1. Give me the angle, in degrees from 0 to 90, between the Cα long axis of helix A:39-51 and the longest principal axis of the Cα atoms of chain A, rounded to the nearest 10.
2. Suppose we look only past 28 Å in the calculated P(r) of the protein assembly as shown. What percent of the Cα-Cα pairs does that tail hold?
3. So the label point sits 7 Å from Cα along the Cα-to-Cβ vector; using that for B:Lys127, what distances do you get to the other copies, in nanometres, sorted shortest first?
4. When each copy gets a label point 7 Å from Cα toward the beta-carbon at A:Asn36, what are the spacings between them in nm, shortest first?
5. Run the label-point distances for B:Lys70 please: 7 Å along Cα to Cβ, every other copy, nanometres, shortest first.
6. Show me, for the range A:77-83, the HN-Hα J-couplings you get by feeding each phi into the Karplus relation (A = 6.51, B = -1.76, C = 1.60, θ = phi - 60°), rounded to Hz, glycine and proline as x.
7. Could you compute the FRET efficiency for B:Arg50 and B:Ser128, with r as their C-beta to C-beta distance and R0 at 25 Å, rounded to 0.05?
8. List, in order, the whole-Hz ³J(HN,Hα) value for each residue of the range B:110-121 obtained from phi through the Karplus relation with A = 6.51, B = -1.76, C = 1.60 and θ = phi - 60°; use x for Gly and Pro.
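The values are calculated or read from the model by the stated rules, or taken from the named source; none is laboratory data. In this text the structure is predicted, and so the values were computed from the model without any measurement. Reconstructed Cβ throughout: ideal geometry from the backbone, glycine too, with neighbour counts over all protein chains shown. Ligands, DNA and RNA are stripped out before the accessible areas are found, and what is left, the full protein with its side chains, is counted by its heavy atoms. Shrake-Rupley method; radii C 1.70, N 1.55, O 1.52, S 1.80 Å.
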2 protein chains.
Amino acid sequence: MKLSTKSTYGLRAMVNIALEQKKGAVSIKEISKKENISSVYLEQLLNKLRREDLVKSVRGPTGGYVLSRKPDDITVKDIVKTLEGSIAPVDCATGREGRRTVCNKNKNCAARIAWTKLAKAIDDCLKSVTLADLCGKK
Amino acid sequence: MKLSTKSTYGLRAMVNIALEQKKGAVSIKEISKKENISSVYLEQLLNKLRREDLVKSVRGPTGGYVLSRKPDDITVKDIVKTLEGSIAPVDCATGREGRRTVCNKNKNCAARIAWTKLAKAIDDCLKSVTLADLCGKK
DNA sequence: ACCATACCTGACTATTCTTGTCAAGTATAA
DNA sequence: TTATACTTGACAAGAATAGTCAGGTATGGT
């Protein structure tokens with residue numbers, strides 16, 4: 001039930017980019033140094049975030065990354081979902097098949113009630129927090 | 001961000017035991033067959049639940065497991081916490097040290113605001129659901 | 001008193017996931 | 001031109017998950 005470092009690193013990177021918004025693009029090296037995260041690993045994460053259009057890259061010297069939208073229009077859910085693949089705590093509540101989906105034989109599984117409720121709580125929580133909330137900015 | 005099968009199997013086992021409450025103890029073999037879960041693996045899980053005093057074991061033929069408390073006094077949180085070890089989605093919000101605790105250098109980490117909120121949402125949700133809720137029983 | 005049925009314990013293992021590294025590029029602006 | 005940055009894909013060590021296996025111990029029905 002743990003988030004991986006993808007999400008935690010990713011959110012920290014996004015906060016960094018958001019805070020420097022007016023100054024321009026933030027390079028991977030800067031984030032890497034400031035947050036003490038492997039720069040090569042960070043590249044992978046920012047790549048995913050770029051493909052989901054949460055950030056834009058600026059090439060060349062003085063280049064780096066910039067937010068694609070305003071901070072109050074980017075939620076933590078957007079970031080976690082992009083990096084983690086899925087937000088749901090169990091697959092049986094989502095319809096997605098996977099190794100851990102064992103409950104499929106029983107549509108009326110009582111346990112599923114709990115997981116569905118949990119999935120909604122997590123979803124509601126993560127989409128209620130924006131980058132702007134974390135940075136104290138609009 | 002997935003729950004392991006420990007929690008999902010464990011909850012399903014507990015629901016089974018709760019539903020047969022009046023008929024007496026439920027054996028591992030019964031649960032194993034009904035839920036299609038390895039009986040040896042199930043033993044491990046019920047062992048943990050017994051050590052946390054969520055169930056009691058009844059030995060001998062016709063033996064099995066019985067709830068230690070009434071269904072409305074056992075929450076999904078109790079079960080998940082026992083089997084999963086911890087409920088928190090990130091360690092940095094709990095004070096527990098671990099491999100994924102990398103944020104410790106920065107007490108004012110903006111990202112932590114999000115994780116703390118998430119931890120509370122999960123905790124609140126899981127402790128609001130009891131076995132009785134899932135079984136439609138008191 | 002048997003002994004089948006159950007629980008109990010600890011060690012072990014295959015597979016998958018996480019958390020990166022490594023190598024070899026391509027694009028851009030000073 | 002060339003240093004700086006981004007881009008891509010393959011690879012790998014270590015941890016966690018999801019069990020298995022072997023050998024106990026306890027109890028109650030016959």
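1. 70
2. Summing the P(r) tail past 28 Å for the protein assembly as shown gives 43 percent.
3. Inter-copy label distances (nm, one decimal, shortest first): 2.7.
4. Listed shortest first, these distances are 4.7 nm.
5. Taking the point 7 Å beyond Cα along Cα→Cβ, the inter-copy spacings are 5.3 nm.
6. 4, 3, 5, 5, 4, 4, 7
7. Here the calculated transfer efficiency is 0.50.
8. Couplings: 5, 4, 4, 3, 5, 5, 5, 5, 5, 4, 5, 4 Hz.
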